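Here the structure is laid out as structure tokens; the discussion comes afterwards.
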Amino acid sequence: MYLMNLSMDSFREKLTKVNIAVLPVGMIEAHGRHCPLGTDMLIPRRFMELLEEAAGDRIIIAPEIPYGHSWSLSPFPGTLNLPSQVLGAYVYHVGLELKRWGLDKLMIFNGHGGNIPALRVAMEDLAAKGMTVVVINWWQDFAPEILEICQGQGHGGEDETSTVLAIDEDLVDMSKAGVNNLRTVVTAAWPGMEKETLPFAQTGDATQASREKGEAIYACIMPRLLELLTRLEQGQLATK
Ligand SMILES: [Zn+2]
């Protein structure tokens, strides 16, 4: 159930049966020359549609947060880069408000790597306030499944481009899809690093992307996501 579509009365009634909120978080950011600036929000949105279809009666989907943090790609046209601290504090306060109404379990569905440090801090701070919080970074958490379908991954790379193509092929200009295998030797940041490691705001091989691969990625991740939802419902987040 989408929170935005509920009335005050239907929300109150829903709270008698549901205590899990799902919060999609994305980014507006350059994704190569071929993918849209909203890539990292469009993909979580699609996952939310699939989650609503499969388990809408078990969750309340909170309105998305489209702005995130991206230092290294901020020089590229269209990137809207918020400080990590701003994003973390915003997510934390949204989480607290959801808890105030009894939604004390939270699944944060993240579409963007640069958001991870902020979301980790928010997750821990919300847990300290009594919430149970799961952060899903889909391209990382489900990398083994994705790599059964794609040869590689990347920012605007084969997997991400495929998942956008599966939403709407008109969103991607495959004639501009590129290949970039540059990276930093270890975790590093320096002024102007994007010119050396991200010359056109993309990593990986986008030329290998296809709509079929994208559809296969959604199809293989959804059962895993539903499994996680059940674990969150039952309080079984520890595993061997
Ligand atoms: Zn992305």
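No lab work stands behind these numbers, since they all come straight from the coordinates. All values reported here derive from a predicted model rather than from experimental measurement. In this analysis, Cβ positions are derived from the backbone assuming ideal geometry, glycine residues included, and neighbour counts consider all displayed protein chains.
For this structure, a couple of remarks:
- Estimated at 0.36 nm per residue, the fully extended path between LYS129 and THR197 surpasses their Cα-Cα distance by 20.5 nm.
- Note, ³J(HN,Hα) from phi for segment 174-181, Karplus 6.51, -1.76, 1.60, rounded to Hz, x at Gly and Pro: 5, 5, 9, 5, x, 10, 8, 10
- Beta bridges by DSSP in the chain, antiparallel share as percent, to the nearest 5: 15 percent
- Distant-in-sequence amide H partners of VAL22 (H built 1.01 Å from N, under 5 Å): ILE60, ILE61, ALA62, MET107
- HN-Hα J in Hz across segment 218-232 - Karplus 6.51, -1.76, 1.60, θ = phi - 60°, x for Gly and Pro: 4, 5, 8, 7, 4, x, 5, 5, 5, 4, 5, 4, 4, 4, 5
- Built amide H within the under 5 Å cut-off of GLY68, gap 5+: ILE28, LEU82
- C-alpha long axis of helix 84-100 to longest principal axis of the chain, angle in °: 20 degrees
- Ranked SER74, SER210, criterion: other C-beta atoms within 10 Å, fewest first: SER74, SER210
- For GLY32, distant residues with modelled amide H under 5 Å away: GLN202
- Whole-number D in µm²/s for the chain (Stokes-Einstein; Kirkwood sum over Cα pairs; 4 °C, 1.567 mPa s): 70 µm²/s
- Under the criterion of Cα pairs below 8 Å and six or more residues apart, the relative contact order for segment 3-234 equals 23 percent.
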